[in-house]
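The values are calculated or read from the model by the stated rules, or taken from the named source; none is laboratory data. Just so we're clear, the structure is a prediction, and the values are computed from it rather than from any experiment. Ideal geometry is used to build each Cβ from the backbone, glycine not excepted, and the neighbour counts take in all protein chains shown. Please note that ligands, DNA and RNA were not included when accessible areas were found on the heavy atoms of the full protein model with its side chains. Shrake-Rupley method; radii C 1.70, N 1.55, O 1.52, S 1.80 Å.
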Amino acid sequence: MPPLMYGTAQLTARLEPWMERLLADPVLCQELIQQYGSPLNLHDFTPMSRNIAELREAAAEHDVDFQIYLARKANKTIGAIDHAAAEGCGVDVASFHELDQCLKRGVPAELLIVTAAVKSAELLALAVENDVVLSLDNVDEALDLLDIAAQSGRRVRVALRLASANPRIAPTRFGLRAEQWLQFLDSAERTQGFQVCGVHFHLNGYSAQQRALVLAESLRLIDALLDLGHAPEFVDMGGGIPMSYLDDAAQWSGFWEDLAALPAGDESLTWKSDRLGATGAEPSGSVYPYHQKLIRGEWLDQILESRPEGGHESVAQMLKRRGVQLRCEPGRSLLDGCGMTLAKVAFVKTRSDGLPLVGLHMNRTQCRSTSADFLVDPILIHAGTPRSERVALSAFLVGAYCIEEELILRRRFEFPQGVAAGDLVAFPNTGGYLMHIIESASHQLPLANNLRSGGQGWLRDDIDSMILD
Ligand SMILES: *Cc1c(COP(=O)(O)O)cnc(C)c1O
């Protein structure tokens, strides 16, 4: 039997057992929505343990000292911190509140790193007070930090954020080049004020080869820091560890081929014939690569065994010879399988020209990242009691913001057995970025509530009751 809902060009989600169990219980889904509102963010962090293990096993194969820091910006729940910490992982934080909450939750200082792009004086002071490593981005920030450190009489632990000088790496706004850092540190006062304990970088994209190149560059900076009398202990290669939302590679490539074959203006696959940034039949660079061949462990293995720039040593050997720990900061790929968004159908209607629309109690910032679209098919649950018979439909999902372009997803969907007000739509695997990274409360519509599965059922995550001041 075909599913109750699927993309006109199908992109079938990979589901976790907890998602399948929940989806098989429409009554519970309806009760949760009734109690906590629509949309609702549901979390079960058990898959995070598997994701962590995949990475750790790959590092262990190479006998590399390795530590994982969950990138907290990918998901704001306190449950995510708790689960990462229980697994012995650290957390990468990007603001005062992200750091404050981790400290209050008992995450030890050595398992925290502050990588915020812009750091407030309050954030700098909180990190210094608690001896948390800060990844330094620029000279102004470093000088602000030195002032704060001088007042507190402490030596501050920092990592240097490295902007690669390699022409094969895209220019970046983050960090400074190695020679800029070395020049900055070439003063007794600065070298005494800072304890440089590592080198940090984070690259756009998911290339293993590029990470191997910048790891080699980072280790050269580590050597120069040792010469200056510092004792760096780690290289942190940031996030961007790949994952797959879709199991079927052919569906993924087929979607882009089908989209490219459509004449301009044809809305049979996407709203207003949106190409989602694609220029031909290849996947667009404006969306996440929802199917990837090498993910997590296998991808890390490829980095560790590679010999960048044709050298004789592998990345693993380069790290081990220096006794340097490898760190990473995965967000999305650690949260793979940990989240699902549930929303209630508000209405079924047609656009003024007759095109069918399904309206949800939800807005488009509640299942969206910074990319052009979320390319995973939702799942329909026939939970409503239809006012009239459900009939087969091919429609777009629209949301609550009063904007013509308020599409929840830009793709078109088939409802072979119809859809009605009161039905539920589940968006699978939204735990990494899709729920929180750009969510807004425009029109004074409240933010979605966050639940996590506990021993006895579904519990509220503490983040929703925290008052930020
Ligand atoms: C966003 C970010 C991450 C996480 O990236 P993912 O793609 O989610 O793995 C890690 N480190 C830094 C510095 C980041 O900005």
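Some observations on this one:
- Unmet criterion (only one of (1) open to solvent by 40 Å² or more (accessible area, probe 1.4 Å); (2) closer than 30 Å to Leu15 by Cα) for Gly265: (2)
- Some residue of the range 303-311 being within 16 Å of the ligand (Cβ to nearest atom), closer than 28 Å to Ile81 by Cβ and either in contact with a helix residue (DSSP H, G or I) (Cβ under 9 Å, 6 or more places away or on another chain) or without any contact (Cβ under 8 Å) to a residue 60 or more places away in the chain (or both): yes
- Enumerated strands (runs of 3 or more DSSP E) restricted to the range 131-209, each holding at least 2 residues that are within 14 Å of the ligand (Cβ to nearest atom), loosely packed, with under 12 Cβ neighbours inside 10 Å and touching a residue at least 60 places away in the same chain (Cβ under 8 Å): none
- Test: residue in the range 64-80 that is away from the ligand (no atom under 14 Å from the Cβ), more than 19 Å from His436 (Cβ to Cβ) and aliphatic (A, V, I, L, M): yes
- Checking Leu360 against (1) surrounded by fewer than 24 Cβ atoms within 10 Å (Cβ to Cβ); (2) touching a residue at least 60 places away in the same chain (Cβ under 8 Å), the condition it does not meet: (1)
- If you go through the range 118-130 and keep only what is of a type in the set (A, V, I, L, M, F, W, C), within 23 Å of the chain's Cα centre (by Cα) and open to solvent by less than 50 Å² (accessible area, probe 1.4 Å), you end up with just Leu123.
- Top-ranked residue in the range 84-100 [being open to solvent by 20 Å² or more (accessible area, probe 1.4 Å) and not in a helix (DSSP H, G or I); ranked as nearest to the ligand (Cβ to nearest atom)]: Ala94
- Pair list, Cβ under 7 Å, 6 or more apart: the range 59-78 residue in a strand (DSSP E or B), other residue of a type in the set (Asp, Glu): Tyr69/Asp92; Tyr69/Glu329; Leu70/Asp92; Ala71/Asp92; Ala71/Glu329
- Residue match in the range 230-251 (condition: within 16 Å of the ligand (Cβ to nearest atom), aliphatic (A, V, I, L, M) and closer than 21 Å to Phe396 by Cα): no
- Single residue of the range 221-238 satisfying the filter (buried (at least 22 other Cβ atoms within 10 Å of the Cβ) and part of a loop (DSSP other than H, G, I, E, B)) that is nearest to the chain's Cα centre (by Cα): Gly238
- Residues of the range 116-130 satisfying the condition of being assigned to a loop (DSSP other than H, G, I, E, B), within 16 Å of the ligand (Cβ to nearest atom) and not charged (D, E, K, R): Ala116, Ala117, Val118
- Considering the range 420-469, and only residues there that are β-branched (Val, Ile, Thr) and away from the ligand (no atom under 16 Å from the Cβ), the residue that is least open to solvent (accessible area, probe 1.4 Å) turns out to be Val425.
- Answer from Ser352, Ser369 - the residue that is outside the structural domain of Leu215 (by TED's automatic domain parsing) and without any contact (Cβ under 8 Å) to a residue 24 or more places away in the chain: Ser352
So that you can scan it fast, the table gives a plain yes or no per residue for (1) at positive phi; (2) over 19 Å from the mean Cα position of the chain (by Cα); (3) outside any loop (DSSP other than H, G, I, E, B); (4) hydrophobic (A, V, I, L, M, F, W, C):
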position: Leu4; (1), (2), (3), (4): no, yes, no, yes
position: Leu11; (1), (2), (3), (4): no, yes, no, yes
position: Glu20; (1), (2), (3), (4): no, yes, yes, no
position: Cys29; (1), (2), (3), (4): no, yes, yes, yes
position: Leu42; (1), (2), (3), (4): no, no, yes, yes
position: Pro47; (1), (2), (3), (4): no, no, yes, no
position: Arg50; (1), (2), (3), (4): no, no, yes, no
position: Ala53; (1), (2), (3), (4): no, no, yes, yes
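- Filtered residues of the range 101-117 (kept if open to solvent by 30 Å² or more (accessible area, probe 1.4 Å) and over 19 Å from Asp236 (Cα atoms)): Leu103, Lys104, Arg105, Gly106
- Residue match in the range 257-279 (condition: under 24 Å from the mean Cα position of the chain (by Cα), within 16 Å of the ligand (Cβ to nearest atom) and either touching a residue at least 12 places away in the same chain (Cβ under 8 Å) or assigned to a loop (DSSP other than H, G, I, E, B) (or both)): no
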